[in-house]
Amino acid sequence: MPGRPRGNLRPAFRRWRAGRPFWGGLLLALGGAEILLTLKASLDVILHVGMQGLAGYLLPAVMLLCGLLVLFNPTQRLFYSVIGVLVSLGTWLTSNLGGFFVGLLLGVVGSCLAFGWLPDQEPRVSRRRRRKAARAAKTAIPAQP
Amino acid sequence: MTSSAEHTPERPEGPAATDVGDVPARRGRVRARRAAVMAVPAAAVAAGLAILTAEGALGVQFAISGMPFTVTATELNGTGFAQFGALDEMAEGSPNAGDTGGQVLVVTSVIKNATLTKLCQSVDLGGTNLVIRAGEGSQKVTASDLTTDSTQLSGDAAFNNIEIGNDASTLDKAGPLGRGPKGVFSQQSDTVHIANLRQTNYATTAGVFKLPGLKLGFSGSGC
C-alpha cells in the first residue's frame with residue numbers, strides 16, 4: 001500500500017463503516033436530498049399555500065435527518081428507520097410524488113437496510129461451505145443442546 | 001482448515017475481531033429476513049398509494065420549480081379565480097438564472113377549485129422530458145388552491161363577473177391565497193373557463209391535486 005497516511009484512512013473508514021448501517025443511512029439521506037432538490041419552488045408560493053406546502057419541505061428534511069442520524073447514532077437505528085420509512089412513504093403525497101418516485105424508492109430501501117442491519121455478525125460464508133460445515137458439525141458433535 | 005478449530009459452537013468472547021487484515025472479521029451486516037419485515041409492508045403501502053392516486057381517490061401535492069415546465073389541458077374549469085403580477089426569485093447561484101439576475105417576472109394565477117381535462121405536464125431535462133399525464137379517461141383532474149407562477153399562458157378563455165384593475169391586495173374571490181402585493185395590477189372573477197390551455201410555468205403548488213389515470217414517464221417530446 002503506497003502512501004502511508006492515505007493507506008491508513010481506508011481501513012479506518014472501513015472499520016467505521018462496519019459498525020453502522022452505512023448503506024441504509026446513506027440511501028435514506030440521499031433520498032431526502034433528492035426530494036428536496038426536486039422541490040425548489042419559490043418559498044413565497046409555498047407560504048401562500050400554507051401548512052400543506054410546508055409539509056412538502058418538512059418530510060424530506062426529516063428523511064435527510066433520519067439518514068444522518070442512522071449513520072452517526074446507529075444504536076437508535078430501529079427508531080430512525082421506522083420514522084424514515086413512514087416519512088418516505090408520506091412524501092408521495094406531499095412532495096412531487098416522492099421526488100418523482102426516485103427519492104421515495106431510495107428512502108424506503110435505505111430504511112429497510114437500516115432496519116435489517118445487525119451489528120457484530122460472523123463473516124459471510126458461502127452457502128456450500130455453510131452446508132458442508134453443518135454436515136460436519138452433525139457428525140462431529142452428535143448431541144448438542 | 002482443521003475441523004475442530006472451524007466448528008467450535010461458540011465464538012470466543014471479547015473483541016473477536018483480531019483485525020488481521022484491514023477488515024475486521026466480525027462486522028455489522030444486513031440480515032435479509034429482518035429487512036424483509038419492513039420491506040414487505042412498505043412495498044405494499046407504496047403500491048397502495050400509487051394505485052389510490054391513479055384512481056383519483058387520493059390527492060397529491062406538487063411543488064416543482066427551478067426549471068420552466070409546460071402544462072397543457074384541453075379544458076380547465078374553475079371557481080374563484082385571481083390573477084396578479086409577481087416577481088419570482090430563483091435559488092442563489094441557480095444555473096438557470098442566465099442574464100436575468102435570477103429573477104423572473106411571472107403572472108400568478110390562483111384558482112380555488114379547478115377541474116382539468118387531459119392534463120399534461122412536462123419538464124425538459126435536456127434531451128429527455130419527464131411527462132406526467134392524467135385525467136384522460138372519464139374522471140377529471142381536480143385541484144384545490146391551485147397556484148401557478150407562469151410566464152406564458154394561452155387558450156380560449158371565458159370569465160364570469162370579472163373585475164379588472166383591482167389592487168392585488170384587495171382581491172377576495174380566490175380566498176386568502178389569492179392576494180398579491182399592494183400596488184400591483186390584478187383581476188379576479190367568479191368562474192373561469194379556458195379551452196386548449198397552454199402554460200409555461202415556473203412554479204405550481206396545489207393544496208390537493210387528484211390525478212386519476214396517472215401516467216409518469218420519460219419521453220422524447222414534451223406536451
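Cross-link partners for B:K140 among the lysines, with Cα-Cα distance under 30 Å and sequence neighbours closer than 8 places in the same chain left out: A:K40, B:K112, B:K118, B:K173, B:K210, B:K215.
A Förster radius of 35 Å combined with the Cβ-Cβ distance from A:L37 to A:R14 puts the calculated FRET efficiency at roughly 0.75.
Extension gain for the segment B:T74 to B:A43, taken as residue separation times 0.36 nm less the Cα-Cα distance, is 7.7 nm to one decimal. Computed extension length for B:T200-B:A158: 13.1 nm, one decimal, from 0.36 nm per residue of separation with the Cα-Cα distance subtracted. Counting 0.36 nm for each residue step from B:A36 to B:V184 and taking away their Cα separation leaves a gain of 47.6 nm.
Where a number appears in this text, it was derived from the coordinates with a stated rule and is not lab data. Not measured: the values here are computed from a predicted model. Here the Cβ is made from the backbone with ideal geometry for all residues, glycine too, and neighbour counts use every protein chain on show.
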